Each structure stands twice: as structure tokens, then as C-alpha cells.
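**Q** The following block contains the structure, expressed as C-alpha cells.
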Amino acid sequence: MQQWWRDAVLYQIYPRSFADSDGDGVGDLPGITARLGHIADLGADGIWLSPFYASPWADGGYDVSDFRAVDPRLGTLEDFDAMVAAAHGLGLRVMVDIVPNHTSEEHPWFRDALAAGPGSSERDLYVFRDGRGEDGGLPPTNWRSTFGGPAWTRVEDGQWYLHLFAREQPDLNWDEPRVREEFRGILRFWSGRGVDGFRIDVAYALVKDLREPLRDLVLVDGGRFEDIAANPDHPLLDRPGVHEVYRDWRRVLAEFDPPRATVGEVWLPGDRRRLYTRPDELDQAFNFDFLRTEWDADSYRRVIDASIADAAHVGTAPTWVVGNHDVVRPVSVLGLPRGTDQGTWLLSDGRDPEPDLELGTRRARALALLELALPGSAYVYQGEELGLPEAAGLPAEALEDPRWERSGRTDKGRDGCRVPLPWTPDGPSYGFGAGGSWLPQPEGWGRWSVEAESGDPGSVLNLYRRALAHRPDFCADRTLVWDDTLNLGPVLAFWRGPGVLVLVNTGREPVELPPGEVLVASTELDGRLPGDAAVWLRRV
Ligand code: NOJ
């Protein structure tokens, strides 16, 4: 099928934290190959791999020094080919991450740019500018890095370069034809090695308004810099010219049979996000509105309707995510009081307030049944299928996320959702590898291991397996029809396919179950659907 992604379930692998084959404490490609059976048994349709390219890991691999090489700590190109062959042998598609907004500071292009000096054509591949002030000692604009601090760093000869992320991640200049040509080559390289698609990092920020004079950002409400909502003509985000990049990529990816798929990371409101998935651009864009929705039936319904409508508007299929390697794990989010500031909570090492993990897990189970019932594709982040909570108590000295230092240690960052997976109830690094693990696994981590959960019919893992086994019953039918006749209170109720009724109770009180055969339930039922629970029923 050409558009296999339309209702696929993709399992996101964070390679350093999935499985370690050589005991060095870091996950690797042979580790993934050896554990692909877990993903096939789960019933997923494919994998998406976060970056595994050569990188100094200033940002966990999103700082790439060679886009055509595997980082030696993760393996070799041969290991990559073996992994793709094994995945395909199991019927799993393979999507890889592509990072076009920036390179690593160790990329040969950036090194050459530093050596070549101001005014050189090497510098034109990036965004170098002279500074402001008498001796050029002030950054060219007031732009801030997403990770904290200024978005400009000064080099020895006095010029400044732009980086929307860490200092070690200089932004490329997408006005440069050489940059565009290089990425065409990278897409062809991996497509030729058999990958089925690409996830595009920061897809909405490649093109910037670099006309002189560069425009400072304006401070709005209470000292934050304007975002896209405050300034639709933002100099850094969602520039109109970015769409031409994806039209071009679509032509490149159509050289392959079947055409390689694309999903963009587009943190924008729906009406702007959907422009990225017009028929001649990307296939899909991540829908982060769903991820950010409060545990509340009405809020979910609004987001689901809007997401389906946005996707339909441009003829694509919606995407659904409840977590990824950048956000606090859903079990913890759903176990925290509504409105908890996650950053402050992380700074308290996850203790203030103490999350109710039992409640969070109940809700995360119900949310999984919601996510996997919705029309479109779902992206499941490794560990979600185990119900892993956030490892919020990581000690400061273990943190690797650049957010921690760049924010002056006020933002603990994303390491808590990146702790290596537990595969066995005990043993060294809970079966992650024969040695340790690059981020410390919390005590008792083995309780969530694949082995422990496999043997427990009531585990989160077996819930995901059952749900994915039943998903084909209805997923080819792309409609969702709300049932407003049931009037069950704070309950999402909708029909999928030829007669599957999905109920998600976001309230605390149980509701009467309508008649039907239970296909999958997030909890025990007694003729009623308890609060914070979900069920798939087949009409009888
Ligand atoms: C988004 C990625 O998901 C995140 O992990 C990374 O830090 C930034 N882009 C920069 O590449």
C-alpha cells in the first residue's frame, strides 16, 4: 500500500536507551535488532528511530556531525542495514529522524566556516553576523535559544553565529542552495538504504527572515518573547519559504518506490500546522495538541474534532501522540494535580507534589485505549507500552540534557523520560545491557520490565498488545462518529468501523455499560465502566 502510514502505529525508539548489546551502558543498533521481536509482538507497524548519526551528543544526537554515518558507539552502517533487514523481515517499517535545522559544531562544514573567516562562502552555510555595540560585543539580535541563554555565540574573530538550540548546534542557512542540495543527498542516501520514511526535526523553523536589519523579538505579556500567536510574521518560525523545502523533498522522495513517507515536528496551531501537510508537501505532522490536553472529556473531544478536521482539510490522516523523548511521561503527568507546573515539579525531584502513580497509570491505560482507537496514526514512545513513569529524581550530576546547564540549572530537562528501558525484573541494568546504564535507572525499575509485564495479564504491556491486536477490526474505516445518545456524563463515546463503540470515562464515578462484547478494557468491569477507565465494545 502506498500510504501505509495513514493508520499505522509507529514505535519510537530512543536508540541510546532501548537496548545495549555490548555492555558499554549505551543502547545501540545491534541491541535494537536483537529486541525487534518485542515491537513486532506488541503489534506495531513500524519504528521511528531518534538520531543514531555520528554526533558529540551535546543534545543527545540531535547535534549531527555526519549525516551519513552511524555513531561508532551505536554501531556501523552494516549494523544499520542488518537492523532494517530484520525489521522488514518482521513486517516493520523503518522511519528515521532527519535534523535539517542545524548541524553539530563538529560538522566539517562548521569547522571549515570557522577556519575560513568572515565573509567566506563557508560561513554562508550558517548564519554568521557581526555583533552590535561599539566593538561588536553585543549579539546581533535579542533572540533566545530554546534551551536558555542567547541564540548567538561569539567566535574568536568576533563574529557571532545563530543557534536556536544549544551553542553546539549552529543553525544552517536554508537560503543557501548548497544546504538544500546536501539534504536532497541525505534523503536519497537513507532512502536508498531502505528506510520507509523520515521524521523531520523542528520542521517549522528551517527558514528564517535573514533580511537586514535582523528584527529583534518583542517582549509580550509579563516578559516572554513573542511567539507565533503574538506575531504571525515571526522572524524565526513558520516562515512562508519553508514550504518550498518540503515541496522539493516530496519530489526527491517520489524517486523511490514506494515514495518515502514524512512526518514533521511542527509545534504550531492546527490552522498553520496543516499547511505543512498539503498534498504536495509532507505526509503528516505531529499533533501536539492532543498530548497537551487535560484529562477531561470535553477538552479531548474539542481537540479530536479539530485535529480530524485539520487533517481532512488537506487530505492527510491525523497523528496522535501522548509522549516522546522531549516531554514528561504521561503516567506522571496524569498522576499530578491539574495545573502542576512540570518544570517546578521536576526541580523538586518529582516530590512536590508527589504524583499519584496509581491514578496516573489508570488514566494512562485509558488514554492508550483512546489514542489507539482514533482514526489516523499513533506514535508510541518506548516505555509507554510498559507504563513507565518519569524518572523525576535523577541526581543533578547525572543530567545530560543541555537544558540543565544552559538554563542556569533552572530547567531539569528531558532526561527523566530517556532512562534506559528495563527488560528483566533484576540483573545488571535490568536487562538493558550487561553493564550499567548511561542514565541511572531508579530503584525498582524492574517492576516495569518487559519480562515482568509479559507474564502479568493485567499489565500495561498486555493491554497494549490486546488493543493492537483488535485495532485492525476497525482501523481501515477512517471515520469516527460521536454517540450523543448515551448521555453518560464525562465520557467520550464514539463509534469506529463497523460497530465498535469506544468509551472513555474521564470522571471519577462509574457509568452503566451499554450492551456489547468487551474487546479490550483498561480495567476490571462489573457491568459498569469505572472512573478513569476506557473500553472498546463490539455491538451485539
Ligand atoms: C526536537 C527534538 O525532538 C529535540 O529532542 C531536540 O533537542 C530539538 N529538536 C533540537 O534538535
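The values are calculated or read from the model by the stated rules, or taken from the named source; none is laboratory data. Keep in mind that what you see is a predicted model, and the values were worked out from it rather than measured. Using ideal geometry, Cβ is built from the backbone for each residue, glycine included, and neighbour counts are taken over all protein chains shown. Surface areas here come from the heavy atoms of the whole protein model, side chains and all, with no ligands, DNA or RNA. Shrake-Rupley method; radii C 1.70, N 1.55, O 1.52, S 1.80 Å.
**Q** Go through (1) within 16 Å of the ligand (Cβ to nearest atom); (2) under 21 Å from the mean Cα position of the chain (by Cα); (3) charged (D, E, K, R) and name the single condition Asp196 misses.
**A** (1)
**Q** Next up: Residue check: is Arg123 of a type in the set (Lys, Arg), at pLDDT 95 or above and open to solvent by less than 50 Å² (accessible area, probe 1.4 Å)?
**A** Numbers: of a type in the set (Lys, Arg): yes; at pLDDT 95 or above: yes; open to solvent by less than 50 Å² (accessible area, probe 1.4 Å): yes.
Yes.
**Q** Another one. Out of Val195, Val242, Val252, report the one residue that is touching a strand residue (DSSP E or B) at 6+ places or on another chain (Cβ under 7 Å) and open to solvent by less than 10 Å² (accessible area, probe 1.4 Å).
**A** Val195
**Q** Search region 499-540 for residues being of a type in the set (Asp, Glu) and under 19 Å from His470 (Cα atoms), and hand back the single one that is most open to solvent (accessible area, probe 1.4 Å).
**A** Step one: of region 499-540, the residues of a type in the set (Asp, Glu) are 509, 512, 517, 524, 526, 532.
Next, only the ones that are under 19 Å from His470 (Cα atoms) stay: 517, 524.
Numbers: Glu517: 90, Glu524: 157 Å².
Looking at the filtered set, the residue picked out is Glu524.
**Q** Here is a list: Gly75, Gly89, Gly61. Which entry is open to solvent by 20 Å² or more (accessible area, probe 1.4 Å) and either over 17 Å from Leu172 (Cα atoms) or within 16 Å of the ligand (Cβ to nearest atom) (or both)?
**A** On the way: Gly75 fails: open to solvent by 20 Å² or more (accessible area, probe 1.4 Å); Gly61 fails: open to solvent by 20 Å² or more (accessible area, probe 1.4 Å).
Being open to solvent by 20 Å² or more (accessible area, probe 1.4 Å) and either over 17 Å from Leu172 (Cα atoms) or within 16 Å of the ligand (Cβ to nearest atom) (or both) holds for just one of Gly75, Gly89, Gly61, which is Gly89.
**Q** With Val179, Val220, Val155 as the choices, which residue is within 30 Å of Pro259 (Cβ to Cβ) and among the β-branched types (Val, Ile, Thr)?
**A** On the way: Val220 fails: within 30 Å of Pro259 (Cβ to Cβ); Val155 fails: within 30 Å of Pro259 (Cβ to Cβ).
None of the others qualify; the one that does is Val179.
**Q** Please enumerate the residues belonging to region 13-46 that are over 21 Å from Arg466 (Cβ atoms) and either of a type in the set (Asp, Glu) or assigned to a strand (DSSP E or B) (or both).
**A** Ile13, Asp20, Asp22, Asp24, Asp28
**Q** Only one of (1) surrounded by fewer than 19 Cβ atoms within 10 Å (Cβ to Cβ); (2) among the basic types (Lys, Arg); (3) touching a helix residue (DSSP H, G or I) at 6+ places or on another chain (Cβ under 8 Å) fails for Arg365. Which number is that?
**A** Status for Arg365: all satisfied but (1).
**Q** Can I ask one more? Of the residues that sit in region 145-173 and are in a strand (DSSP E or B) and closer than 18 Å to Ala58 by Cβ, which one is most open to solvent (accessible area, probe 1.4 Å)?
**A** Taking region 145-173 first, the residues in a strand (DSSP E or B) are 150, 152-154, 160-162, 171-172.
Pick out the ones that are also closer than 18 Å to Ala58 by Cβ and you get 150, 152-154, 161-162, 171-172.
Working: Pro150: 61, Trp152: 6, Thr153: 27, Arg154: 95, Tyr161: 7, Leu162: 1, Asp171: 0, Leu172: 1 Å².
The selected residue is Arg154.
For (1) under 21 Å from the mean Cα position of the chain (by Cα); (2) crowded, with 24+ Cβ neighbours inside 10 Å, each residue gets a yes or a no:
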| residue | (1), (2) |
| --- | --- |
| Ser17 | yes, yes |
| Ser21 | no, no |
| Pro30 | no, no |
| His38 | yes, no |
| Gly43 | yes, no |
| Trp57 | yes, no |
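**Q** Okay, moving on. Considering only region 146-169, state which residues are at pLDDT 95 or above, within 15 Å of the ligand (Cβ to nearest atom) and of a type in the set (Gly, Ala, Ser).
**A** Ala151, Ala166
**Q** What do you reckon, is Arg496 touching an Asp or Glu at 6+ places or on another chain (Cβ under 7 Å), open to solvent by 40 Å² or more (accessible area, probe 1.4 Å) and not hydrophobic (A, V, I, L, M, F, W, C)? Show your work before the answer.
**A** Numbers: touching an Asp or Glu at 6+ places or on another chain (Cβ under 7 Å): yes; open to solvent by 40 Å² or more (accessible area, probe 1.4 Å): no; not hydrophobic (A, V, I, L, M, F, W, C): yes.
In short, no.
**Q** Another question, then. Hand me the list of helices (runs of 4 or more DSSP H) wholly inside region 264-326 holding 1 or more residues that are in contact with a helix residue (DSSP H, G or I) (Cβ under 8 Å, 6 or more places away or on another chain) and more than 27 Å from Pro490 (Cβ to Cβ). It would help to see each step written out before you state the result.
**A** Working: elements: 270-273, 288-291, 297-314.
Output list reads 270-273, 297-314.
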